[in-house]
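I have placed the structure first, in the form of structure tokens, so that the comments after it can refer back to it.
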Amino acid sequence: DASDWKLTDLDLLQTLGTGSYGRVRLCKHRNSGEYYAIKIMKKSDILRMKQVQHIVAEKNVLAEVAEKFHHPFIANLICSFQDEEKLYLILEFVVGGEIFTTLRNVGKFPNDVAKFYIAEIVLVFEYLHTKDIIYRDLKPENILLQDKGHIKLTDFGFAKKVPERTFTLCGTPEYLAPEVIQSKGHGKAVDWWT
């Protein structure tokens, strides 16, 4: 049962990525032999950077999204736990890496490939929006590729449950919708803009 996992149940392997207040590492569950991604965040960094609300929101959104079923195009949360110094989110491991890296290597996608990825992103946003969740950080770095070519959306750090509108200025500057920049309040439309 994943609800009672602890760090000693896992073998930590190579780093998959780093962020402002944590890193994501590949890990292997000692009993099952299954591989996962573990997002490790230092509590002191979260407090210093005033990111408590974002971290709590990320965990709550991922827990809600994975509650009923695991969406095929979301890197779903398996479990979460903490110790004195760190918070841990255990997520599905996606073997293909970031679409950003693939795109950089190939230059551009053929139209049919781009349409395929966009269609899967549309399905993710439709699902999230039925739960009043806005993702707010779509960019190639947050789209992972599965081994069979499907996408998995990851990094829900800016996701938020918003029934109507919110005024939080967040996201990656290059991808922000105009209404986010203008601080006039925004809703689900910002996901479609990105």
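The values are calculated or read from the model by the stated rules, or taken from the named source; none is laboratory data. Note that the coordinates shown come from a computational prediction; the quantities given were computed from them, not determined experimentally. Counting neighbours? That spans all protein chains shown, and the Cβs are built from the backbone with ideal geometry, glycine included. The area values use the complete protein model at the heavy-atom level, side chains included, leaving out ligands, DNA and RNA. Shrake-Rupley method; radii C 1.70, N 1.55, O 1.52, S 1.80 Å.
Some notes on this structure:
- Region 158-168: number of residues that are in a loop (DSSP other than H, G, I, E, B) and over 15 Å from residue 141 (Cα atoms): 7
- Matching residues in region 107-120 - criterion: being part of a helix (DSSP H, G or I), of a type outside the set (Ser, Thr, Tyr) and open to solvent by 20 Å² or more (accessible area, probe 1.4 Å): 111, 112, 113, 114, 115, 116, 118, 119
- A residue that is in contact (Cβ under 8 Å) with a residue 60 or more places away in the chain and within 26 Å of residue 170 (Cβ to Cβ) can be found somewhere in region 111-125.
- In summary, residue 56 fulfils each of the numbered conditions (1) in contact (Cβ under 8 Å) with a residue 40 or more places away in the chain; (2) open to solvent by 70 Å² or more (accessible area, probe 1.4 Å); (3) within 19 Å of the chain's Cα centre (by Cα) with the single exception of condition (1).
- The number of residues in region 90-116 being of a type in the set (Asp, Glu) and either touching a Phe, Trp or Tyr at 6+ places or on another chain (Cβ under 8 Å) or more than 16 Å from residue 23 (Cα to Cα) (or both) comes to 2.
- Within region 137-167, being free of Cβ contacts under 8 Å to residues at least 60 places away in the same chain and in contact with a strand residue (DSSP E or B) (Cβ under 7 Å, 6 or more places away or on another chain) holds for 140, 141, 142, 143, 145, 146, 162, 165, 166.
- When residues in region 136-157 are screened for being within 21 Å of residue 78 (Cβ to Cβ), in a loop (DSSP other than H, G, I, E, B) and either open to solvent by 20 Å² or more (accessible area, probe 1.4 Å) or aromatic (Phe, Trp, Tyr) (or both), 7 of them pass.
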